[in-house]
Amino acid sequence: MKSVEMAYQELVDGLHSSDAEAEFGRVGQRVAESMGFRYFAYLGFGEADPVLISSYPKRWSEHYFAEGYQDVDPVVAFARSGRATLQWTREAARQFPLRAQKRLFDDADEFGIRHGVSVAIAGGFNRFAAFTFAVDEVSSAHGRMVTEANDIVQLIGLTFHAHADAKLGLRSPPNDAVPLTQRERECLTWAARGKSMEATAMIMGITPRAIKFHLDNARANLGAETLPQAVANALKARWIA
C-alpha cells in the first residue's frame with residue numbers, strides 16, 4: 001500500500017494528461033489500488049442525469065440505477081450535506097430506517113462492495129458529488145490511513161471532481177474575475193501538486209509562515225472552509241492548473 005501522499009501525486013499526474021471519461025476511470029482505479037482499495041467511484045449530480053465514473057462491475061452500476069438506489073443511498077444523502085468524509089460499512093446498513101437502504105447494501109455485498117470511505121463534494125447551484133473508495137474486506141490499515149490522512153483523502157476526491165468537472169463538460173461557465181493575488185495562486189498551485197507548506201516555501205524562496213498567510217487568504221477569498229476545498233474551487237474555476 002503506497003503512502004497517501006504518493007497516491008495523491010499519482011492522481012494529479014494522471015489527471016493532467018486525461019481528457020476522456022475512460023482515462024479518468026483508469027487513473028481513479030490505479031490510485032484506489034495503490035491505496036489498498038478494490039474499487040473507486042465518482043458520482044456527480046446536477047441538472048442532468050447523474051454522472052458515474054467508476055471501476056465497479058458494470059452489472060452493479062446498471063442494477064444500482066435500475067433500482068433507483070441513488071434516491072435512497074445514504075452516501076448520496078451524505079454527499080448532498082457536504083460534510084467532508086464518511087466511513088461506511090455493510091454492517092452499518094442495519095441502522096438505516098428504510099428497507100430499500102438495507103436492500104441496497106445487501107445487493108452491493110454480492111458484488112464485493114462492503115466497506116468504504118466517501119468524500120462529499122459541494123458544487124454550487126444544487127450540484128454535488130461523492131467520491132468513494134470501496135473494498136470487500138476492510139483492514140485496520142484502511143481505517144488508520146483514512147483517519148490519519150483525512151485531509152489528503154478529501155483532497156483526492158475534490159481534485160478528481162475539479163478535473164472531471166472542467167474536462168468532461170460537467171462544469172458551469174468560468175468566472176473571469178479572479179479573486180486571488182499572484183502569490184495566492186502560486187501557493188495554491190503547489191498545494192494542488194501535493195507540496196507541503198515547507199516544500200512550497202523552499203521552492204518560492206519565502207518562509208513557511210508567509211506560505212500559510214497566502215493560503216489562509218486564498219481560502220478566505222474563495223469562501224472555502226478547508227485548504228482542499230480552496231484548491232478544488234480554484235482548479236474548477238481554472239484559476240490554477
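Mind listing whichever residues of segment 111-125 are surrounded by fewer than 21 Cβ atoms within 10 Å (Cβ to Cβ) and at pLDDT 90 or above? PHE111, GLY112, ARG114 - these are the residues of segment 111-125 that are surrounded by fewer than 21 Cβ atoms within 10 Å (Cβ to Cβ) and at pLDDT 90 or above. Restricting attention to segment 219-241 and to residues that are at pLDDT below 85 and among the hydrophobic types (A, V, I, L, M, F, W, C), the residue that is least open to solvent (accessible area, probe 1.4 Å) turns out to be ALA237. As for segment 56-72, it holds no residue that is at pLDDT below 95, surrounded by 15 or more Cβ atoms within 10 Å (Cβ to Cβ), closer than 15 Å to PHE131 by Cβ and not polar (S, T, N, Q). Among the conditions (1) out of contact with any Ser or Thr (no Cβ under 8 Å at 6 or more places or on another chain); (2) outside any loop (DSSP other than H, G, I, E, B); (3) not aromatic (Phe, Trp, Tyr), the only one that VAL12 does not satisfy is (1). Can you tell me which residue within segment 11-23, out of those that are small (Gly, Ala, Ser) and more than 19 Å from LYS195 (Cβ to Cβ), is least open to solvent (accessible area, probe 1.4 Å)? Once the filter is applied, the top-ranked residue is SER18.
Among the residues of segment 126-158, how many are over 28 Å from ALA234 (Cα atoms), modelled with pLDDT of 85 or more and open to solvent by less than 40 Å² (accessible area, probe 1.4 Å)?
Qualifying residue count, segment 126-158: 1.
All of ALA79, ALA108, ALA92, ALA84 fail the test of being over 13 Å from ALA129 (Cα atoms), of a type in the set (A, V, I, L, M) and either surrounded by 16 or more Cβ atoms within 10 Å (Cβ to Cβ) or in contact with a Lys or Arg (Cβ under 7 Å, 6 or more places away or on another chain) (or both), apart from ALA108. Listed by first and then second residue, the pairs with beta-carbon distance under 6 Å, at least 6 apart or on different chains, first residue in segment 111-122 and under 18 Å from MET35 (Cβ atoms), second assigned to a strand (DSSP E or B) and of a type in the set (Phe, Trp, Tyr), are GLY116/TRP88; GLY116/PHE133; VAL117/PHE133; VAL119/PHE131. For segment 159-218, how many residues meet the condition of being outside any helix (DSSP H, G or I), open to solvent by 70 Å² or more (accessible area, probe 1.4 Å), within 26 Å of PHE24 (Cα to Cα) and at pLDDT 80 or above? Matching residues across segment 159-218 total 2.
Within segment 24-45, the set of residues being surrounded by fewer than 19 Cβ atoms within 10 Å (Cβ to Cβ) and in a loop (DSSP other than H, G, I, E, B) comprises just one member, GLY36. Looking at this structure, is LEU86 more than 17 Å from ALA162 (Cβ to Cβ) and over 16 Å from the mean Cα position of the chain (by Cα)? Judged against the criteria, LEU86 is not a match. Only a single item in (1) surrounded by 13 or more Cβ atoms within 10 Å (Cβ to Cβ); (2) closer than 24 Å to HIS163 by Cβ; (3) of a type outside the set (D, E, K, R) is not met by ALA48, and it is number (1). Among the residues of segment 64-110, the ones that are among the small types (Gly, Ala, Ser) and free of Cβ contacts under 8 Å to residues at least 40 places away in the same chain come to 7 in all.
The values are calculated or read from the model by the stated rules, or taken from the named source; none is laboratory data. Please read these numbers as outputs of a predicted model, since none were measured by experiment. Don't worry about glycine lacking a Cβ; one is built from the backbone with ideal geometry, like all the others, and counts go over all protein chains shown. Accessible surface areas use protein heavy atoms only, side chains included; no ligands, DNA or RNA. Shrake-Rupley method; radii C 1.70, N 1.55, O 1.52, S 1.80 Å.
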